[in-house]
Structures are given as structure tokens and as C-alpha cells.
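Structure first, commentary second.
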Amino acid sequence: MGSDHARSLKQAVAERRALLVPGVMNALAARVADDMGFEALYVTGAGVTNAYLGLPDVAFLTLTQLADHVAAIRNITDKPLLVDGDTGFGNAVNVWHTVRTLEQAGASAIQLEDQDFPKRCGHFDGKSVITAAEMEQKVRSAVDARRDENLQIIARTDAYAIHGLDAAVERAERYVAAGADIVFVEAPKRPEEIGEIVRRVSAPHLVNMVIGGKTPPMSYEDLSAAGAAIVLYANASLQGAILGMQTALGQLRTTKVISEADGVVAPFSERQRLVGKDLVDEMDTRYGVAADAS
């Protein structure tokens, strides 16, 4: 019996209606995105690496660390989770274990990419890719590993930056033939190429809008008209959080005082609402546990 979150994501993707998905780097970001009404969330490998390790997205994150974050996020939301599985943490056999691990942790879809290890952020220079044949085997392994038929495999290719658009499209279609449910051509540099990719590849397409990255900004309406199935803003929440921290701490550093009235921090009550303090208070009463006055 399949999970509801994977089934609902599969249906939304099949509709190819430009499902708008924000990236989340931890459970608190997932709380905020869920609270704001997004239909699905993306667990970003770059974001987790940046927020958890304070390091750039160049393959420092381990499968265990990623799975722990997925499990923590799944614990606080029933929304579908698209999970960035990077290169699968090894060869096709390792991919089988990666998919099993991330599905168990609560993934609704798992993204795998065709970069060499150690991978780099898709919008960094200096990338290299494995052969298409090796990636096809990884996709086949991922498909074989899933227990829930509704769990979707997202095949990402970074070949555009190295070999050009035609090679990237050819790879994407090969990955579809190998069993991928969704494709993702990373970092095209011209807006018109989005529609061309969608037309030339048979599977639903995910478009990654990296703020400040190599793909130029496009409106949601244009992305929808181009036929995107998923519009991803993988690190909007992270970049927003960085600016928010810099703003609040900049004021604290300058004035040596900060309060809710300054309008640069969320109120204490909002913080507690987001993390479900009222539920803990209710359980304190139900189970006869003295509430923590703090």
C-alpha cells in the first residue's frame, strides 16, 4: 500500500501544472513553508550542507546526515517531500541503498544526478559528468529499490554546462527510458531553452530557479506556459534566512539592543506557534505533566 504523500505528488506532477515547490534546509524551514500553504517541499542538499555544516555544496554531506534531516522534516509535515539525493552516494549498488534509506525516512520523490563524485552545485563552474550508460544503471537501480510504486525518481543531468543542450536532452530521454519519472536539465542559460527541453523530453520536467544562478529569472506564468511540471526554488528560504539573520544581528551589533518592536525579528509568540508549543502544552495537561513556564 503506497503512502498518501507520494501518491498526491505523483498526481500533481502528472497534471504538469507548474507545481511551485520551495526548498527547505531543516525542519523549521519546513514548518514555515507548510504553514504558508505550499503543496510540496524540496529537501535541498545544498541548503542542508550550508545550514547544517556551514560549507559549500561540494559533496560534504553524507547519506546519514541527509536521511536524518528528511526524517525530522517528515515528522512535522504530511506534505510531499522531494529529496535531493545528489549522485546517490556512490555507484548503482550504493544508489539502491540510498533510495531505500531516503524512502524509509519519508521521501516522496528522490532526485539523482549524473555528475562525477565529488559533485558540485549545479550552478558552479568546473562540473564533470559520468557516462550516460552509468547513469542509466543508477536510474534502473533506483527504480528497483523503491518499495512504493508511487515514489518518483527524478533524474537530473548536468551535461548542459559541459556538452550543450542537445547532449543534455539526449541524456534526459535516455534516463526516462531507463525508468525515471521526472527529468531535470540543470542550469540552462536561455529562457527559451526551457520550453524546448519540455517539448523534446517525454517525461514531466522540473525547472530549478536558482536565485543568482546561471538560469535567468523567469516569471511563474512563463514557466507554466513553457510546460514545466515543477517549478523549484531550492534555496529561497535559505537565502531569505541569511538576509534575516544578517539584518537582525547587524542591528544588534550596531545598537547592542533588539526588540520585537524593531520589526527585524519574528515575535516570540510566532516562534512558539510555528514549532507547535500549543500541542506540547495540551499534552502536558492531558498526561498530567507540569508545564514549563519558560
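The values are calculated or read from the model by the stated rules, or taken from the named source; none is laboratory data. Keep in mind that this is a model prediction, so the values were computed, not measured. Here the Cβ positions follow ideal geometry from the backbone for every residue, glycine too, while neighbour counts run over all protein chains shown.
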Problem set entry | Selection within the stretch 1-49 - assigned to a helix (DSSP H, G or I), among the small types (Gly, Ala, Ser), closer than 16 Å to ILE76 by Cβ and over 15 Å from the mean Cα position of the chain (by Cα) | none
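How about the stretch 221-262: which of its residues are in a helix (DSSP H, G or I) and in contact (Cβ under 8 Å) with a residue 60 or more places away in the chain? Break it down into steps so the answer makes sense when it comes.
First pass over the stretch 221-262, keeping only residues in a helix (DSSP H, G or I): 221-226, 236-255, 260-262.
Those that are in a helix (DSSP H, G or I) and in contact (Cβ under 8 Å) with a residue 60 or more places away in the chain: LEU223, SER224, ALA236, SER237, LEU238, ALA241.
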Seminar exercise, completed: ARG199 vs (1) surrounded by 10 or more Cβ atoms within 10 Å (Cβ to Cβ); (2) assigned by TED's automatic domain parsing to the domain that holds VAL43; (3) in a loop (DSSP other than H, G, I, E, B): all pass except (3)
For this session: Answer yes or no: is there a residue in the stretch 84-95 that is touching an Asp or Glu at 6+ places or on another chain (Cβ under 7 Å) and either assigned to a loop (DSSP other than H, G, I, E, B) or in contact (Cβ under 8 Å) with a residue 40 or more places away in the chain (or both).
Result: yes
Problem set entry | Leading residue by the ranking (farthest from LEU19 (Cα to Cα)) among those in the stretch 163-180 that are buried (at least 24 other Cβ atoms within 10 Å of the Cβ) and either in contact (Cβ under 8 Å) with a residue 40 or more places away in the chain or outside the structural domain of ASP84 (by TED's automatic domain parsing) (or both) | ARG171
For this session: Give ALA59, ALA92 a once-over and let me know the one that is more than 16 Å from the chain's Cα centre (by Cα), more than 22 Å from VAL231 (Cα to Cα) and not aromatic (Phe, Trp, Tyr).
Result: ALA92
Exercise. Quick one: would you say VAL257 is outside the structural domain of LEU53 (by TED's automatic domain parsing), at pLDDT 95 or above and surrounded by fewer than 11 Cβ atoms within 10 Å (Cβ to Cβ)?
Worked result: yes
Seminar exercise, completed: Of the residues in the stretch 200-236, those that are among the hydroxyl-bearing types (Ser, Thr, Tyr) and at pLDDT 95 or above number 4
